[in-house]
1. Under a 5 Å amide H to amide H cut-off, with H placed in plane at 1.01 Å, what residues pair with V92 once short-range neighbours are removed?
2. Once you have the Kirkwood Rh of segment 59-112 from its Cα pairs, apply Stokes-Einstein at 10 °C and 1.306 mPa s and quote D in µm²/s.
3. With only Lys, Arg, Asp and Glu charged, each at its Cβ (+1 for the first two, -1 for the last two), find how big the charge dipole of segment 78-174 is about the Cα centre; round to the nearest 20 debye.
4. If amide hydrogens are placed 1.01 Å from N in the peptide plane, which non-local residues have theirs closer than 5 Å to the one on S87?
5. Sort all Cα-Cα distances of the chain into consecutive 5 angstrom bins from zero, then give the percent of pairs in each bin up to the one containing the longest distance.
6. Taking the Cα centre of the chain as origin, work out the dipole magnitude from +1 charges on Lys and Arg Cβ and -1 charges on Asp and Glu Cβ, in debye rounded to 20.
7. Would you mind checking which residues have amide H under 5 Å from F38's amide H? H placed 1.01 Å from N; only 5 or more apart, or other chain.
8. If you plug each phi of segment 16-29 into the Karplus form 6.51 cos²θ - 1.76 cosθ + 1.60 with θ = phi - 60°, what whole-Hz ³J(HN,Hα) values come out, in order, with x for Gly and Pro?
Amino acid sequence: MNDWIVVVPSYNRVDGFKNKTLKTLQYHNIDKSRIYLFVANEEQKKLYESDADIRAGVGHIIVGIKGLVNVRNFIFEYFPVGKRLVSFDDDVRGFVRLTENGKLRDVRPSEFSDLVTMAFKECDTVGARFWGDYPVPNAFYMEHSISYDLKFIIGSFWGAVNPGAAVHIDYGNGEKEDYQRAIQFWELDHKIVR
């Protein structure tokens, strides 16, 4: 169940990726061999590879295609169907969780991998291929529960059992593509884990 990998599309944001998402992944002890950074072209690949911290912290830099919608479609086509993918935007700064007393606290390094593994296990149990987390760090609205109905899954962080071309975003330039993705997964499985 620990066979998931991290995929991150990025374009012209070397410092942002390095100081936010890569730093977050390193904080949570994600092995660099699990991290796949997708860039738009060879020029972008050289730009990211020129940074020593990125070279040291990322296992794979893949030339994909330009544009957020296009590269996310490319990622689904790049990996085999059934591969467990954890998708990050290049500007994720960390995670919080709700405590039993209703307060928020940072997700500890030792917890992150277990949370991802639990999400994929829950997908397997209920026959879903898509999961996400509550999108806003607001303890007032958060609760200790898992839902399986059609819910919004924010585009900056989510997991999927790769559906290949069965999920293909075909409009927009990155705006609201996360809505379309959630709807397409819902139409496939009639369940989303959140």
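1. T21
2. On the way: Rh = 14.2 Å.
It diffuses with D of about 112 µm²/s by this estimate.
3. Numbers: 10 positive and 13 negative charges, 28 e Å.
Value, rounded to 20: 140 debye.
4. Residues meeting the amide H criterion: V7, W158, G159, A160.
5. Distribution as computed: 1, 8, 16, 21, 21, 17, 11, 4, 1, 0 percent.
6. Values: 25 positive and 27 negative charges, 56 e Å.
Around 280 debye, computed over the chain.
7. V8, S10, I62
8. x, 4, 4, 8, 10, 5, 4, 4, 5, 4, 5, 4, 8, 6
The values are calculated or read from the model by the stated rules, or taken from the named source; none is laboratory data. Note that this is a predicted model, so its numbers are computed, not measured. Heads up, the Cβs are rebuilt from the backbone with ideal geometry, glycines too, and the neighbour counts pull from every protein chain shown. Surface accessibility is based on the protein's heavy atoms, side chains included, excluding ligands, DNA and RNA. Shrake-Rupley method; radii C 1.70, N 1.55, O 1.52, S 1.80 Å.
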